[in-house]
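The values are calculated or read from the model by the stated rules, or taken from the named source; none is laboratory data. Keep in mind it's a predicted model, so treat the numbers as computed, not measured. Positions of Cβ are backbone-derived with ideal geometry, glycine not excepted, and every protein chain shown enters the neighbour counts.
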Amino acid sequence: MNASSPALRDAPFLRACRREPVPYTPVWFMRQAGRSLPEYRQVREGVSMLDACMRPDLITEITLQPVRRYGVDAAIFFSDIVLPLKAVGVDLDIKPGVGPVVPEPFRGWIDLDRLPALEPDAVPYITEAVRLLVAELGPVPLIGFGGAPFTLASYLIEGGPSRHHEHTKALMYGAPDLFATLLDRLADITAAFLRVQVEAGASAVQLFDSWVGALPAADYAKYVLPASRKVLESIADLGVPRIHFGVGTGELLRLMGEAGADVVGVDWRVPLDEAARRIGPGKAVQGNLDPAIVFAPWEVVAEKTREVLAAGRAAEGHIFNLGHGVLPDTDPEVLARIVDLVHAESAR
Ligand code: 1CP
């Protein structure tokens with residue numbers, strides 16, 4: 001289990017998640033491990049994304065790369081939200097420049113037969129990689145992650161990345177019983193995937209509901225929240241902080257907290273002081289520099305970084321991050337400067 005050292009338990013990232021005082025604001029980046037780093041592109045040469053996600057040596061190396069380069073306060077496990085679906089036998093691929101693709105999309109009750117439970121021993125490479133990483137990382141926390149039921153359902157139903165989620169919404173509104181059963185099944189799979197990572201040594205988890213911002217709050221509460229709550233509550237016994245993040249979720253922030261998050265991730269559209277007000281007491285916030293801002297001149301980046309830090313002080317705990325993942329063409333040097341600036345400006 002998660003027998004962590006005092007140095008790890010007191011890591012600024014974990015203290016901020018628990019809303020305890022921190023020596024400085026901790027920072028990490030979503031998608032810090034993938035795509036933008038030249039050393040990542042080098043180790044991925046000739047290896048498909050899914051194969052890389054099943055090799056403990058590559059998972060370990062890729063997860064460590066941004067920690068070495070940036071000195072970030074947490075490592076994010078290298079995998080993908082659809083990996084557990086692959087592990088239970090769903091026919092899917094992760095296509096370069098596209099993302100997850102499911103050749104036979106889910107549309108009916110019969111398709112549930114393609115979603116059996118995730119047995120922990122179906123992902124031995126995850127357990128092994130987490131163990132290797134925890135040994136290498138020492139006092140730096142490892143964040144495990146999984147896809148939230150709605151976002152996973154969107155890939156299964158659309159068959160791939162989607163702008164409007166029209167098939168997903170057609171099924172959600174048109175066949176609510178089937179949709180609820182599908183989300184419940186996905187909740188069990190993601191909960192099992194998170195449990196494997198934490199039991200092997202991950203010290204926090206993030207549940208990504210990247211595309212749920214496509215829904216109005218009332219429909220989120222009715223069709224999605226129960227399944228996300230099932231994921232987050234079913235791992236409560238593990239005692240690690242649970243971060244819950246989505247894009248375009250300004251209207252959903254309070255509900256996402258109520259689903260069982262300790263930390264609510266916020267994209268760049270809502271300033272963190274306003275986000276903290278919407279979320280309410282008893283939660284930390286994570287975010288929320290616009291990932292596109294890093295392409296602007298450094299003075300602008302620095303000013304916007306300071307604005308995020310200032311707004312974050314209104315929250316009971318703040319973890320600095322981008323409002324979504326690092327864009328593939330991002331200059332790693334700029335991210336390194338942001339980490340240094342966040343640490344220097346927030347030192348207390
Ligand atoms: O830092 C890291 O890279 C950590 C590992 C990681 C994580 C946390 C990857 C590797 N993917 C994810 C989560 C993930 N995957 C999310 C949630 C986060 C987010 O919103 O950005 C989502 C929606 C996916 C699905 C996915 N996988 C996409 C998005 C497609 C779309 O719908 O727009 C893509 C492009 C992938 C492939 C992928 N996953 C990860 C990497 C590095 C890549 C790029 C592929 C490659 O390098 O070959």
Exercise. Go through the range 253-277 residue by residue and tally those that are buried (at least 24 other Cβ atoms within 10 Å of the Cβ) and over 19 Å from ALA16 (Cα atoms).
Key: 1
Quiz prompt | Residue satisfying all of: in the range 65-93; under 18 Å from LEU14 (Cα atoms) and hydrophobic (A, V, I, L, M, F, W, C); surrounded by the most Cβ atoms within 10 Å (Cβ to Cβ) among these | solution = ALA74
Quiz item: Only one residue in GLY317, GLY280 is closer than 17 Å to PHE245 by Cα and either out of contact with any helix residue (DSSP H, G or I) (no Cβ under 6 Å at 6 or more places or on another chain) or exposed (fewer than 15 other Cβ atoms within 10 Å of the Cβ) (or both). Which one?
Solution: GLY280
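Sort through VAL294, VAL308, VAL300 and tell me the only one that's modelled with pLDDT of 95 or more, out of contact with any helix residue (DSSP H, G or I) (no Cβ under 6 Å at 6 or more places or on another chain), more than 19 Å from LEU207 (Cβ to Cβ) and surrounded by 23 or more Cβ atoms within 10 Å (Cβ to Cβ). Steps first, answer last, please.
Details: VAL294 fails: out of contact with any helix residue (DSSP H, G or I) (no Cβ under 6 Å at 6 or more places or on another chain); VAL300 fails: surrounded by 23 or more Cβ atoms within 10 Å (Cβ to Cβ).
Sole residue among the options that is modelled with pLDDT of 95 or more, out of contact with any helix residue (DSSP H, G or I) (no Cβ under 6 Å at 6 or more places or on another chain), more than 19 Å from LEU207 (Cβ to Cβ) and surrounded by 23 or more Cβ atoms within 10 Å (Cβ to Cβ): VAL308.
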Quiz item: Can you name the number of the only condition in (1) exposed (fewer than 14 other Cβ atoms within 10 Å of the Cβ); (2) under 16 Å from GLY246 (Cβ atoms) that LEU183 fails?
Solution: (1)
Self-check item: Identity of the residue in the range 123-166, under 22 Å from GLY89 (Cβ atoms) and more than 14 Å from the ligand (Cβ to nearest atom), that ends up surrounded by the fewest Cβ atoms within 10 Å (Cβ to Cβ)
Solution: PRO124
Quiz item: Which of the following residues is modelled with pLDDT of 95 or more, on the phi < 0 side of the Ramachandran plot, in contact with a helix residue (DSSP H, G or I) (Cβ under 7 Å, 6 or more places away or on another chain) and within 11 Å of the ligand (Cβ to nearest atom): ASP51, ASP73, ASP80?
Solution: ASP80
Quiz item: Taking the range 175-213 as the region of interest, how many residues are over 24 Å from GLU128 (Cα atoms) and within 12 Å of the ligand (Cβ to nearest atom)?
Solution: 5
Quiz item: In the range 35-52, which residues are closer than 21 Å to GLY147 by Cβ and touching a residue at least 60 places away in the same chain (Cβ under 8 Å)?
Solution: ARG35
Quiz item: With ALA187, ALA192, ALA135, ALA180 as the choices, which residue is part of a helix (DSSP H, G or I) and out of contact with any helix residue (DSSP H, G or I) (no Cβ under 8 Å at 6 or more places or on another chain)?
Solution: ALA135
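Looking at LEU58, LEU37 in this structure, which one is among the aliphatic types (A, V, I, L, M), within 26 Å of LEU309 (Cβ to Cβ) and within 20 Å of the chain's Cα centre (by Cα)?
Going through LEU58, LEU37 in turn, the sole match is LEU37.
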Exercise. Give me the pairs, please: first residue somewhere in the range 142-156 and at pLDDT below 95, second residue anywhere and outside any helix (DSSP H, G or I), beta-carbon distance under 8 Å, and either six or more positions apart or on two chains.
Key: none
Exercise. Tell me which residues, restricted to the range 1-29, are farther than 16 Å from PHE78 by Cβ, out of contact with any helix residue (DSSP H, G or I) (no Cβ under 6 Å at 6 or more places or on another chain) and within 16 Å of the ligand (Cβ to nearest atom).
Key: PHE13
Practice problem: Within the range 101-115, identify whether any single residue is within 11 Å of the ligand (Cβ to nearest atom) and surrounded by 15 or more Cβ atoms within 10 Å (Cβ to Cβ), and answer yes or no. | Solution: yes
Self-check item: Positions within the range 30-48 being within 11 Å of the ligand (Cβ to nearest atom), assigned to a helix (DSSP H, G or I) and not basic (Lys, Arg), in sequence order
Solution: TYR40, VAL43
Exercise. Output the number of the condition that PRO120 fails; it satisfies all remaining conditions of (1) surrounded by fewer than 16 Cβ atoms within 10 Å (Cβ to Cβ); (2) touching a helix residue (DSSP H, G or I) at 6+ places or on another chain (Cβ under 8 Å); (3) of a type outside the set (A, V, I, L, M, F, W, C); (4) at pLDDT 95 or above.
Key: (4)
Quiz item: Taking the range 74-103 as the region of interest, how many residues are over 15 Å from the mean Cα position of the chain (by Cα) and either closer than 20 Å to PRO332 by Cβ or not in a helix (DSSP H, G or I) (or both)?
Solution: 16
Quiz item: Do any residues in the range 98-113 that are under 16 Å from ARG163 (Cβ atoms) have Cβ atoms under 8 Å from those of residues that are assigned to a strand (DSSP E or B) and within 12 Å of the ligand (Cβ to nearest atom), where the two are at least six apart or on different chains, and which pairs are they?
Solution: PRO100/ASP93; PRO100/ILE94; VAL101/ASP93; VAL101/ILE94; VAL101/LYS95
Quiz item: Residue check, VAL264 against (1) in contact (Cβ under 8 Å) with a residue 24 or more places away in the chain; (2) within 16 Å of the ligand (Cβ to nearest atom); (3) more than 19 Å from VAL82 (Cα to Cα), all met but one. Which one?
Solution: (1)
